[in-house]
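Data first, discussion second: the structure below is written as structure tokens.
The values are calculated or read from the model by the stated rules, or taken from the named source; none is laboratory data. A quick note: this is a predicted structure, and the numbers were derived from the prediction, not measured. Cβ coordinates were reconstructed from backbone atoms using ideal geometry, including for glycine residues, and neighbour counts include every protein chain displayed. The area values use the complete protein model at the heavy-atom level, side chains included, leaving out ligands, DNA and RNA. Shrake-Rupley method; radii C 1.70, N 1.55, O 1.52, S 1.80 Å.
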Amino acid sequence: MSTAVRPPVPAVEDETLLSDTDVLIVGTGFSGLAVGTRLARQGRHSFALVDRASSVGGTWRDNTYPGAACDIPSHLYSFSFRPSASWSHVYGRQPQILDYLEQTAREEGLLPHTFLDAEMLDATWDEQAQRWDVRTSRGRHLATTLVTACGHLSDPAIPDLEGLDTFAGEIFHSARWNHDVDLAGKRIGVVGTGASAIQIVPELAEVAGSLTVFQRSAPYIVPRKDRPYSEAEKAMFGRLPETARQLRESLFWDSEARFPQRLGVPAFLDQMKKAALDHLTAQVADPDLRDRLTPSYELGCKRILLSNTYYPALTRSHVHLETSGIARVTETGVVARDGSEIALDVLVVATGFEATDLPFAYRVRGRDGRLLSEHWAEGGRTVASTSVAGFPNLFVMQGPSTGLGAGSIVYIIESQASYIGGAVDFVADNGAPIEPTPQAEDAYVADLDARSEGTVWLSEGCSSWYRHPVSGRLSALWPDYMSRYRAENGTFDAEPYAVGAPVPDLAATGG
Ligand code: NAP
């Protein structure tokens with residue numbers, strides 16, 4: 001995807017002031033809702049949420065592809081402060097997760113604070129007024145503190161394939177599924193073999209006339225130990241919440257116990273690699289297909305995927321795995337690098353997201369008009385993976401150095417929300433904006449870079465979106481245990497910050 005040139009920001013026609021609050025939160029996925037809930041529960045009601053879509057839910061609203069489900073157990077992939085006894089399966093399905101988020105927004109009283117169909121067009125730190133001035137497609141918002149909760153898996157990455165725009169059939173990205181297209185009996189192509197694609201392919205194999213999967217690199221896949229929860233179990237989780245809490249705890253520490261794989265510890269790596277390769281052997285009998293499905297890089301470099309149905313789908317007679325690469329897309333299909341021509345009616349691009357060069361950063365200007373994208377030109381730079389030097393009272397949810405190779409991102413999100421809750425209190429108590437010092441930011445970045453050394457993500461032959469394309473730094477991921485993230489970054493600490501000039505008495509009125 002060419003990310004160097006960003007589309008121009010549309011002109012704002014409506015300058016109506018829609019809110020003037022202590023905090024403005026951009027995005028209503030897990031992150032935005034976590035921050036809103038945190039503020040509301042600590043009694044700070046002067047905040048507004050904006051979202052470019054017509055409903056809340058973030059990535060779980062956008063990803064409606066067939067088979068969409070979570071690959072982290074739901075009793076862990078949910079807010080600890082909003083446990084649900086009713087997860088239908090170990091791994092929640094997209095509709096249930098979206099319901100959970102909508103219910104959170106409703107029951108935590110966030111909807112009256114929320115402006116939908118309001119895309120952030122630009123956000124500028126107003127030095128004189130000491131506040132953020134944010135323009136959206138619906139109007140203007142002022143706020144002392146800005147929280148970007150835009151996510152890093154929200155803007156589809158469209159592959160830079162020759163001829164892609166000439167394809168005359170139906171084409172859509174996995175995160176923008178076109179449910180109007182009737183797929184029955186169609187010749188379908190899927191580009192990509194990541195976490196989204198491996199959930200989509202078995203579903204499409206059920207309905208397609210023919211299905212071609214375009215693989216650039218083979219993923220490691222291990223068995224998915226899913227099952228429905230029985231009514232008795234759900235009743236137990238409801239009546240005895242302690243049982244659900246204990247389940248969460250044990251799921252959490254199971255996840256933590258997998259982290260040494262990412263540190264490249266041979267015993268842990270070998271164990272998981274054997275599980276993945278045994279799974280492949282058990283499910284694919286054809287040696288040639290098995291060979292092409294065997295990854296050529298270190299385990300853990302890219303996300304380890306879970307599926308019991310992906311390999312069997314690839315063994316079906318009408319499903320074809322294309323591994324020579326895509327030479328070009330034509331009006332009628334795809335020409336592979338080995339010269340074969342694959343005629344297609346539908347092309348699904350399951351090619352991931354703009355996760356390293358974050359699009360919202362092109363719309364946020366800090367002191368002296370500096371763009372966040374300029375500051376991050378060689379990879380994300382932060383303090384506590386949340387605040388940025390030169391950007392007063394800005395807190396970034398799920399930006400650089402927050403992603404996980406193993407574990408529940410909701411745990412990190414809650415830690416960040418707690419940190420931001422403390423920062424908002426600090427700003428209010430001091431009546432002055434804060435920003436981390438450049439020295440603190442340098443030290444944080446150097447520390448994370450040092451921790452990244454020796455991990456599988458930087459191992460030889462490993463390339464992924466976790467690494468920044470310009471610097472090669474592991475800028476998307478937190479390179480350590482989840483528990484360490486919370487211990488180090490889950491509580492606001494003013495030490496790395498400079499406290500600025502007092503905030504003038506703005507007529508904050510609440511959202
Ligand atoms: P992804 O992991 O980035 O995978 C994209 C796939 O597209 C990769 O196989 C990639 O190949 C391929 N690709 C990209 N550009 C290509 C090109 N120009 N030509 C050919 N192939 C190309 O994206 P994703 O599957 O949407 O998953 C993204 C993230 O979303 C995951 O890491 C995960 O965090 C999250 N997710 C989670 C779940 C869940 O169950 N919780 C489900 C779906 C997604 P290479 O590997 O060779 O780059």
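Listed values, structure above:
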read-out: Qualifying position, being modelled with pLDDT under 95 and in contact with a strand residue (DSSP E or B) (Cβ under 9 Å, 6 or more places away or on another chain), among A48, A4, A11; value: A11
read-out: Residues satisfying the stated conditions in segment 320-372, i.e. open to solvent by 50 Å² or more (accessible area, probe 1.4 Å), in a strand (DSSP E or B) and not assigned by TED's automatic domain parsing to the domain that holds T212; value: R365
read-out: Segment 351-369, residues that are more than 21 Å from G472 (Cβ to Cβ) and touching a Phe, Trp or Tyr at 6+ places or on another chain (Cβ under 8 Å); value: V364, R365, G366, R367
read-out: Verdict on D165 being over 17 Å from A350 (Cα atoms) and more than 11 Å from the ligand (Cβ to nearest atom); value: no
read-out: Count of residues meeting criterion [part of a helix (DSSP H, G or I) and surrounded by 14 or more Cβ atoms within 10 Å (Cβ to Cβ)] in segment 227-242; value: 5
read-out: From L183, L101, L142, L116, residue being within 30 Å of V348 (Cα to Cα), aliphatic (A, V, I, L, M), assigned by TED's automatic domain parsing to the domain that holds L49 and touching a residue at least 40 places away in the same chain (Cβ under 8 Å); value: L116
read-out: Residue satisfying all of: in segment 475-497; open to solvent by 40 Å² or more (accessible area, probe 1.4 Å) and hydroxyl-bearing (S, T, Y); nearest to S418 (Cα to Cα) among these; value: T491
read-out: From Q416, Q439, residue being assigned to a helix (DSSP H, G or I) and surrounded by fewer than 20 Cβ atoms within 10 Å (Cβ to Cβ); value: Q439
read-out: Looking only at segment 236-258, and only at residues there that are closer than 16 Å to K225 by Cα and free of Cβ contacts under 8 Å to residues at least 60 places away in the same chain, the one that is farthest from the chain's Cα centre (by Cα); value: S250
read-out: Number of positions in segment 370-413 that are aromatic (F, W, Y), closer than 16 Å to L474 by Cβ and within 15 Å of the ligand (Cβ to nearest atom); value: 0
read-out: Criterion: β-branched (V, I, T), open to solvent by 40 Å² or more (accessible area, probe 1.4 Å) and more than 28 Å from the chain's Cα centre (by Cα) - qualifying residue of T315, T294; value: T315
read-out: Selection status of G339, out of contact with any Ser or Thr (no Cβ under 8 Å at 6 or more places or on another chain) and farther than 30 Å from G264 by Cα; value: yes
read-out: Residue match in segment 499-508 (condition: loosely packed, with under 15 Cβ neighbours inside 10 Å, within 16 Å of the ligand (Cβ to nearest atom) and modelled with pLDDT under 95); value: no
read-out: Strands (runs of 3 or more DSSP E) wholly inside segment 71-155 containing at least 2 residues that are open to solvent by 40 Å² or more (accessible area, probe 1.4 Å) and among the acidic types (D, E); value: none
read-out: Residue check for R248: over 30 Å from S452 (Cβ atoms), in contact with a Leu (Cβ under 8 Å, 6 or more places away or on another chain) and open to solvent by 20 Å² or more (accessible area, probe 1.4 Å); value: no
read-out: Matching residues in segment 390-413 - criterion: being hydrophobic (A, V, I, L, M, F, W, C), outside any helix (DSSP H, G or I) and open to solvent by 10 Å² or more (accessible area, probe 1.4 Å); value: L404, A406
read-out: Matching residues in segment 460-474 - criterion: being buried (at least 16 other Cβ atoms within 10 Å of the Cβ) and within 16 Å of the ligand (Cβ to nearest atom); value: C462, S464, W465, Y466, R467, H468, L474
read-out: Helices (runs of 4 or more DSSP H) (entirely within segment 248-313) containing at least 3 residues that are at pLDDT below 95 and at negative phi; value: 259-262, 266-283
read-out: Residue tally, condition away from the ligand (no atom under 14 Å from the Cβ) and under 30 Å from V265 (Cβ atoms), over segment 309-336; value: 1
read-out: Residues of segment 170-226 classified as open to solvent by 10 Å² or more (accessible area, probe 1.4 Å), assigned to a helix (DSSP H, G or I) and away from the ligand (no atom under 16 Å from the Cβ), total; value: 2
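Yes or no, residue by residue, for (1) within 16 Å of the ligand (Cβ to nearest atom); (2) out of contact with any helix residue (DSSP H, G or I) (no Cβ under 7 Å at 6 or more places or on another chain):
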| position | (1), (2) |
| --- | --- |
| L24 | no, yes |
| H45 | no, yes |
| S55 | no, no |
| T64 | yes, no |
| R82 | no, no |
